[in-house]
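Read-outs throughout are calculated quantities, based only on the coordinates presented, and are distinct from any laboratory measurement. Since this is a predicted model, take the numbers as computed values, not measurements. Cβ sites come from the backbone with ideal geometry, for glycine too, and all protein chains shown count toward neighbours.
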Amino acid sequence: MNRNEGAASELLEFASYRAIRYLTEISNRAVEPSTEAVERLSALEGPLPEEPSDPAEVIRVLDEIGSPATMATAGPRFFGFVVGGAMPVTVAANWLAAAWDQNAPVSLLSPIGTVCERIALGWLIDLLGLPRGTWGGLVTGATAANFTGLAAARQAILQGQGWDVAAKGIFGAPAPRVVVGEEAHVSVLLALRTLGFGHEGLIRVPADGQGRMRLDALPDLDSKTIVCIQAGNVNSGAFDPAQEICRRAHEAGAWVHVDGAFGLWAATTPERNHLTAGMAEADSWSLDAHKWLNVPYDCGIALCREPKFLAAAMSLDPAAYIDEYTGDQEPHDFTLEMSRRARGLEVWAALRTLGRSGLAELIERTCRHAQVFSRRLADAGFEILNDVVLNQVLVSFGADDQTRRVIARVQEEGTCWVSGTKWHGRQAMRISISSWATTSRDVDRSIEAILRVAG
């Protein structure tokens, strides 16, 4: 080993030691960083150094200043948003992929990256019970996945009207109709806006008391319509009535896109898959792997029943310098990015480690945790505002101001971290349980802290 190789090895071992120490200690610290820790981040500022710095010193400063200023989303008691942790095997796969320095748009650049992505996508399609022939790609997250699926929808709908959007763009194109639920997630609205479907032109369907699209308010559909439905309302966890919506849509020749960022994972567990009834009959789907699959950021999944529309929307004629090196089903044919990290390695590692039963158990366990939160907070006299069918719990502690105060005090107390939300005009505490690391003891500790603060 030459001198440079030795120095690199020592540096990586040094960083690994600090990363492992961080993960080992994370369950013993407050979830939210202290004000002092955040203020200390100013030590990272200053002018760019004129001369090189010692790499080990750079890592030491980054760890000592940065680690205390992190939100402990990798720990077991972060319940603020629908955010999973990162399972150890996925962190290890991420480290290995970073060491390999893989760029995975085409198999030439990363045979291992593209093979793992292909295998993982096949496993996912099988796990979710999606139709034969479905395909897609790995993207940055649910917003990008929604954009990707809806780009395929736009391609298909306009192509059906005799318009080639890839060649002609949207200027002068027949105007598609876009139907969304009143409770559609902002990532869907952002994806639609980016694709040229402004919010004023959307047809919004009223929601019921759990945030589901009301079938009696669904407009007449036709072959110019894209319908966006939801698997897992971000507040209540409820599912739109997919079976009937898909039936009506396909009778009319419309396209159905599913925003399934976290809720679609329920299809993989026998105890919850009834919630996703009809979702497999849609035309495109989006998921987050860094939610319930618990892989590191960033990783979303975009899937399409007829991938020819996805390829038409996303692929370009290859540049001359890579034309002769591309094969069939290359990742860049189905996603927006050319330069892209090898996300498939972490997804493959997670699925290979968990297996079908392990993934189902992880999802079911976190749903049981949500039911414990709901039951014990209700027993203490507080109002649960949603039907707890998944991993989401909405709690009111009385008047809106009081609920806000409880949320703020729980966050400051540090045992766990919960977020606030508005639900049908009322302030609510939102508890989301998605992490592989959360145990029954973590749930008990968190409930005790909430009750102590609320009392």
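General remarks:
- Theoretical gain in end-to-end length, ASP379 to ARG452 [0.36 nm per residue, Cα-Cα removed]: 24.9 nm
- Summary of packing: across the peptides 176-185, 330-339, the per-residue average of other C-beta atoms within 10 Å ranks them, highest first, as 176-185, 330-339.
- Mean separation of Cα contacts under 8 Å (6+ apart) over length of region 95-350, as relative contact order %: 31 percent
- Taken along the Cα-to-beta-carbon direction at a fixed 7 Å, the label points for GLU413 and LEU11 span 4.5 nm.
- Estimated distance in nm for a label pair at ASP126 and LEU41, the labels positioned 7 Å out from Cα along Cα-to-Cβ: 4.3 nm
- The chain: translational diffusion in µm²/s, Stokes-Einstein, Kirkwood Rh over Cα pairs, 37 °C, 0.692 mPa s: 139 µm²/s
- Set of aspartates and glutamates with alpha-carbon distance to LYS224 below 16 Å, sequence-local pairs under 8 removed: ASP164, GLU251, ASP283
- For the chain, DSSP calls about 60 percent of its internal beta bridges antiparallel.
- Sequence-distant contacts, meaning Cα pairs under 8 Å at least 6 residues apart, place the relative contact order of the chain at 22 percent.
- For LYS291, the lysines whose Cα falls under 30 Å of its own Cα, not counting residues fewer than eight places away in the same chain, are LYS308, LYS422.
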